[in-house]
Number of protein chains: 4
Amino acid sequence: MKKRKVKVGIVGLGRLGYHHAKNLAFRIPGCELIAVCSVVEEEVKEVQEKWGIPYGYTDYDEMLGNREMEAVFIASPSAFHCEQIEKALKAGFHVFSEKPIGLSPAEAERVEKAVSRYPDQVFMPGFMRRFDRSYSDAKKMMDRGEIGDPVLIRCYGLDPAGQMDSFLKYAKNHDSGGLFLDMAVHDFDLACWFLNAEPEEVWAIGGSYARPEFAGLGDAETGAAMVRFSGNRMGIFVAGRNCAHGYHIETEIIGTKGSLRIGTVPEKNQVMIFNETGVVKQCVDGFLERFEQAYLSEAEEFIRCILEHRRPPVRVQDGIKPTLLGYACKKSFETASLVRMKSIAPAGK
Amino acid sequence: MKKRKVKVGIVGLGRLGYHHAKNLAFRIPGCELIAVCSVVEEEVKEVQEKWGIPYGYTDYDEMLGNREMEAVFIASPSAFHCEQIEKALKAGFHVFSEKPIGLSPAEAERVEKAVSRYPDQVFMPGFMRRFDRSYSDAKKMMDRGEIGDPVLIRCYGLDPAGQMDSFLKYAKNHDSGGLFLDMAVHDFDLACWFLNAEPEEVWAIGGSYARPEFAGLGDAETGAAMVRFSGNRMGIFVAGRNCAHGYHIETEIIGTKGSLRIGTVPEKNQVMIFNETGVVKQCVDGFLERFEQAYLSEAEEFIRCILEHRRPPVRVQDGIKPTLLGYACKKSFETASLVRMKSIAPAGK
Amino acid sequence: MKKRKVKVGIVGLGRLGYHHAKNLAFRIPGCELIAVCSVVEEEVKEVQEKWGIPYGYTDYDEMLGNREMEAVFIASPSAFHCEQIEKALKAGFHVFSEKPIGLSPAEAERVEKAVSRYPDQVFMPGFMRRFDRSYSDAKKMMDRGEIGDPVLIRCYGLDPAGQMDSFLKYAKNHDSGGLFLDMAVHDFDLACWFLNAEPEEVWAIGGSYARPEFAGLGDAETGAAMVRFSGNRMGIFVAGRNCAHGYHIETEIIGTKGSLRIGTVPEKNQVMIFNETGVVKQCVDGFLERFEQAYLSEAEEFIRCILEHRRPPVRVQDGIKPTLLGYACKKSFETASLVRMKSIAPAGK
Amino acid sequence: MKKRKVKVGIVGLGRLGYHHAKNLAFRIPGCELIAVCSVVEEEVKEVQEKWGIPYGYTDYDEMLGNREMEAVFIASPSAFHCEQIEKALKAGFHVFSEKPIGLSPAEAERVEKAVSRYPDQVFMPGFMRRFDRSYSDAKKMMDRGEIGDPVLIRCYGLDPAGQMDSFLKYAKNHDSGGLFLDMAVHDFDLACWFLNAEPEEVWAIGGSYARPEFAGLGDAETGAAMVRFSGNRMGIFVAGRNCAHGYHIETEIIGTKGSLRIGTVPEKNQVMIFNETGVVKQCVDGFLERFEQAYLSEAEEFIRCILEHRRPPVRVQDGIKPTLLGYACKKSFETASLVRMKSIAPAGK
């Protein structure tokens, strides 16, 4: 009478990887986490011991040799995504990969081709926001026509100021991809999803304000991009690494008959404090806190797709558009000019 | 072509009196402030000089001898209201009096009798909240049946903690009437107005929490009263002198089809601050800030009633019920028992 | 390397029982749901088949004979709690029981005694709100002194109007315990927890407003209770079954240095809708939606207590006080008088 | 002892003109409205009769011959502002003029020159938002450094959908100036004021969404402009004529240490409605409702400047920058290209 469970291995046990692993191990019906992989051996050991995971690896290729596994969950650093996706698909596994699916238009194209070669394997890119209840409710309202046709989307993606130091330290040694590629990709995905339109032209600006080091890195501390989509639909994107009040993800869609806003006050919980400061709502600290439910729901959906032999609602193509738009923003910011999307192509740059 | 103006004299130039005087002098169509009266001679002089007011008095009876005046505005300390109302009416003036119209059921009854003797003179007690746009909108919604029949009213009247010292100093030498009579009178008026019901029974509790001096005065720092109204309608009243975040006046009416709340966040203005504390709304400091528009509108209405020879929407009877309810709360608090309104009567105590 | 798991059986597969069972089956580290019990055989079959649960019972005593089980989760109708707790403890199991732990002071006393006889078995009553992040954060703030000493607590527990019909149907045939015992028990628990004080005296009022049937049942559609706690601390409780906007659980604690409110706007999610109506926040429908995280966290804590051989943070005593306070309210409402807690005792009635 | 009063004449008695006239007639200390002028004779008559205004004109030049007057208040249609300002200054009057001070860079330059020729006469352009308490508080907070250095400003200026028909009718026969010049001028003023920076480059996009007629007029129903200011400061402006929920004026300033938002929920008052829709805040209908206090305060300040012989806090130069920025947006929108501010000059076009 025991129900069948999908046996999963995960690569990457950093902050988000660890969280995904815990969800896969304990919170997802029909799922069994049997393998963990990280180049950091201690991480592997800790997780195996704490949660009783039978297989541990420090080598990804070795994990792919484990034939008990049916699916691979990729939560490694972005630079490895493209290759790890290709290898896992080739080895016959269902694959979930964190965003971005590639660090360049060319990589994104490679992933798309790989996925199309294995149509019977589930591939799902990690756009968890679509699974957040607020975002999915908003989408349903829009699909029911409650705000008419979408006219403009405004997206804020602001990281807490408290993480700026560690980011700057990291960015001195690694290519983060820059503000627009690294931070705004989720927002670009939401924009395409909500507007149901194609980006056509973009202007991106920004600078260093609190910390001059960003300019030295050729990056922006805070930046803004305006995008003209097909049908003259408008997109406004603000990304930043210096948000005083915490982790601020806000999305607004203005339609012909009404508007929706998600996350205007990025509240931590339902407590309202009244004191000599005034009336205060505390804010969320970071993505794990804000999107806890969404991360769980997307992993559940991935497992259900495998069990039910169906295609996931988020596909490889959904992973490509945001990457291209991120590239266009980066180029616009670096060249201080309007950039047409046509000039950015997977083959291009 | 000059329009007729009602010539007004005011008694009392304290915080609220000064504010009323300024409104009467400059902001009310059809009104001319020609006389000011206060036992503090400097206050009279200052106002006369600053605003060009022709007549100044330190003696109320003397002001009543000024036959250019048509109306008297009473904003003196509560203990004088009853007598000053009687005298002004007898002298033939229209009268506006700040709440309370009397410090005891007996005084309230005296005022009611005086008013009934001069039916052609306008008498209006000062319940400015009814003229506040939020409160008057709420009342209109209720009258349109938008929340069905009223079931319960909850009223908070909380004074800023910053004024506790000066109150304690004052209360050591004067009879403030106690928390329920002094503070909750406006709330009792709102309750009768919104519920359209008669109070029948009351229980009031409270104590000293931050400052033991209140117990010494036989008063409460913060108190709560629950009132059963006719038709089993319910009233909950919280009054206090130690509100950390400012001046908090909140009213909620729960109806059979919906609820209304007024002033839940006693916001100072429309600015929202996002900083390391969280998301902050600053709060109003006191009654002049919160009810600026209401004080102006009630004075306008008083003048219009005189010019148009009509009765004001707030009458002397409206001033009596809250006083009796305040008395019942005081008695309940002091005797630690349920008090029936029938045991409190104008002739009574 | 497999980690030890606590094997659990659950009794009651109604709305809340089903939800608990699903959590126990899939979402709780260290837990394995191996047995389900309900008098409704189809419920048992459905759950066994859907989730692959090996043992199914329609007889509680039979389930207690299953020696693979280590713990019993009681989510049956309230009338069975007392006896089922006693039996499960006697049979050697750890026990989690939904509130209330008894339908009378006498039953509550029986449970307390049973628990004290088996000190090595974990017993935890289900006050999930304490595990809700908003409530637990509020408690931490209070423990850090952020609002000074608590002065007053105000608790609203309002069920959606949409469920009034089914409640009235049910209540015609069953003893619900009445508004104050059935609905306000969670609020009474919160009051004792937050105020850290003993209830001393209570007055409860209420009535039928939208639906006269409540009066016929000797119950109230909406009611209010005011409680004087030790140290003159104040408690205000509003319970109702006719909330137009959904499920409204709100708690406010006023302290000497500030206030906290939890759940003032019982928002469904983070979407704000701007349309011709104004700015709209949608509200939660019911307890499973509002307290999803809390139900999960309390079950996690129960399992952890078993695994770690420690006592739970919520104890049997915590289940008794709210029951007594509910009784006092019921008595006050029925007798239309002030009721002293001293007159309500476990031995009593 | 009578205080000196500034005698004022007003031209324009449309919706805003009438409101200004009423303020000048009744609500402003030190001010006496003695003359009104409008090409619509009935408007003049109505106001004279209703408020007892001694002088009425249908000819502006004739009003300027009234030597009792000291100051002229210009609230006529935008096309007349430039010439009427010049004439009034030349005739020796203090002048207040509604925005815009000119319909083109050339007109703005003419006004600037005229003002500089009469340095002893007070000239004040009507940017009332600076006098709104929320905006002036926000400015003070910024000046105190509470949000650090400003990085980005976002301004929404959205007119109610209910006025779209009448606008379209009007715009078919008149040159409104287009969305960016007509609507966003107040926002451009706020941006310069809050950022304390010079606009350098702009991209404006937009279109017709609900109503195709806008495209036919060469105008946009809703539009967005992104502006790069000196120091890489960023400006985002959304203007529209189709706001479902009412009149939405919102401003956000993101600084290096925090952010401020003004008007995020354009609430009508402090009433919160809880009903089957959810929790609802009603919204303001239009500019007179939203900026009632600001219109009064700016007129008070104008009169005080005359009485106290000092220069107003808003000067002619403040009226010119927003006009130029509006022109740049219009040009960018029409040419679908980035526009540098240097290419827009008073002499230019």
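Computing Rg and the Kirkwood Rh from the Cα coordinates of segment A:282-343 gives a ratio, Rg/Rh, of 1.17. Using the Cβ-Cβ distance between D:Glu83 and B:Asp165 with R0 set to 60 Å, the FRET efficiency works out to roughly 0.50.
What's the long-distance tail for segment C:113-168, i.e. % of Cα pairs beyond 15 Å? Write down the numbers at each step before the final one.
On the way: 1122 of 1540 pairs.
Pairs farther apart than 15 Å: 73 percent.
Neighbour counts of other Cβ atoms within 10 Å put C:Leu296, C:Leu13 in the fewest-to-most order C:Leu296, C:Leu13.
In summary, the lysines within cross-link reach of D:Lys342, defined as a Cα separation below 19 angstrom excluding same-chain residues under 8 places away, comprise D:Lys321, D:Lys330, D:Lys331. Distance distribution note for segment A:74-131: the fraction of Cα pairs above 13 angstrom is 54%. Fewest Cβ neighbours within 10 Å first, please rank D:Ile303, B:Ile101 accordingly. Lowest to highest Cβ neighbour count: D:Ile303, B:Ile101. Inter-chain neighbour count for A:132-140: the average number of beta-carbon atoms from partner chains within 10 Å of each residue's beta-carbon is 3.
Greater than 19 Å separation of Cα atoms is the criterion. Which listed pairs, A:Lys99/A:Lys281; B:Lys45/B:Lys87; B:Lys90/B:Lys113; D:Lys3/D:Lys45; B:Lys281/D:Lys268, meet it? Mind dumping the intermediate values first?
On the way: A:Lys99/A:Lys281 31 Å; B:Lys45/B:Lys87 24 Å; B:Lys90/B:Lys113 12 Å; D:Lys3/D:Lys45 29 Å; B:Lys281/D:Lys268 17 Å.
Correct reply: A:Lys99/A:Lys281; B:Lys45/B:Lys87; D:Lys3/D:Lys45.
Spatially, segment B:272-337 and segment D:282-349 are offset by 38 Å when compared through their Cα centroids. With Cα atoms as the point set, the radius of gyration and Dmax of segment D:205-336 evaluate to 18.9, 57 Å. Rounded to the nearest 20 debye, the dipole size of segment B:199-340 about its Cα centre is 540 debye, using +1 on the Cβ of Lys and Arg and -1 on the Cβ of Asp and Glu. On the principal axes of its alpha-carbon atoms, segment B:31-152 has extents of 52, 34, 26 Å, going from largest to smallest.
Which translational diffusion coefficient, to the nearest whole µm²/s, is obtained for segment A:145-275 from the Stokes-Einstein equation, given a Kirkwood hydrodynamic radius over C-alpha pairs, 20 °C and 1.002 mPa s?
Numbers: Rh = 15.9 Å.
D = 135 µm²/s.
In the frame of its principal axes, segment C:254-294 has Cα extents of 41, 26, 13 Å, reported largest first.
Only four residue types carry charge here, +1 at the Cβ of Lys and Arg and -1 at the Cβ of Asp and Glu. Report the dipole size of segment A:153-274 about the Cα centre in Debye, rounded to the nearest 20.
Using only the charged Cβ atoms, the result is roughly 300 debye.
Assign unit charges at the C-beta atoms only (+1 for Lys and Arg, -1 for Asp and Glu), then state the dipole size of chain B relative to its Cα centre in Debye, rounded to the nearest 20. Kindly include the intermediate steps, with their values, before the conclusion.
Values: 45 positive and 48 negative charges, 188 e Å.
Its charge dipole is roughly 900 debye.
On a straight-distance basis, which aspartates and glutamates could pair with D:Lys172 in a cross-link, Cα separation under 17 angstrom, same-chain partners fewer than 8 positions away excluded? Cα-Cα hits under 17 Å: D:Asp182, D:Glu213, D:Asp219, D:Glu221.
Against the empirical 2.2 N^0.38 Å (N residues), the protein assembly as shown has a Cα radius of gyration ratio of 1.01. Taken over the alpha carbons of segment D:152-224 as equal point scatterers, the Debye sum produces base-10 log I(q)/I(0) values at 0.15, 0.16, 0.21 Å⁻¹ of -0.56, -0.63, -0.96.
Ranking request for peptides C:116-125, D:149-158: highest mean number of other beta-carbon atoms within 10 Å first, then the rest in descending order. Kindly include the intermediate steps, with their values, before the conclusion.
Values: C:116-125: 17.7, D:149-158: 24.1.
Most protected by this proxy first, the peptides run D:149-158, C:116-125.
Using a Gaussian network model of chain A with C-alpha springs under 10 Å, which one of A:Ile205, A:Ile273, A:Ile147 is most mobile by mean-square fluctuation? Comparing A:Ile205, A:Ile273, A:Ile147 in a Gaussian network model of chain A, the most mobile one is A:Ile273.
Put one equal scatterer on each alpha carbon of chain C, apply the Debye formula with no solvent term, and list log10 I(q)/I(0) at q = 0.11, 0.13 1/Å to two decimals. Ignoring solvent entirely, the Cα scatterers give -0.77, -1.07. In chain D, Cα pairs under 8 Å separated by at least six residues give a relative contact order of 20 percent.
Exposure proxy shown here: for A:Arg340, B:Arg241, A:Arg110, the number of other Cβ atoms within 10 Å sets the order, fewest to most, as A:Arg340, A:Arg110, B:Arg241. Candidate cross-link partners of B:Lys50 among the aspartates and glutamates, defined by an alpha-carbon separation under 18 Å and a same-chain spacing of 8 or more, comprise B:Glu32, B:Glu41, B:Glu42, D:Glu32, D:Glu300, D:Glu301, D:Glu308. Quarter the surface of the alpha carbon convex hull of segment C:6-62 and you get the mean projected area, 3.4 square nanometres.
Partner chain Cβ atoms within 10 Å, averaged over the residues of B:213-223 - can you pull that number for me? Let's see the in-between values first.
Numbers: counts 0, 0, 1, 0, 0, 0, 0, 1, 3, 6, 4.
That works out to 1 on average.
Taken residue by residue and averaged, Cβ atoms of other chains lying within 10 Å of the Cβ of D:145-157 number 3.
The GluC sites (Glu not before Pro) found in segment B:1-110 that occupy coil by DSSP, while having at most 11 further C-beta atoms within 10 Å, are B:Glu68. Sites listed here are trypsin sites (Lys or Arg not before Pro) in segment D:1-105 whose DSSP assignment is loop and whose Cβ has at most 13 other Cβ atoms within 10 Å: D:Lys2, D:Lys3, D:Arg4, D:Arg67.
Each reported figure results from applying straightforward, stated rules to the coordinates on display, with no laboratory input. The model shown is predicted, which means the values in this text are computed figures rather than measured ones. Cβ coordinates were reconstructed from backbone atoms using ideal geometry, including for glycine residues, and neighbour counts include every protein chain displayed.
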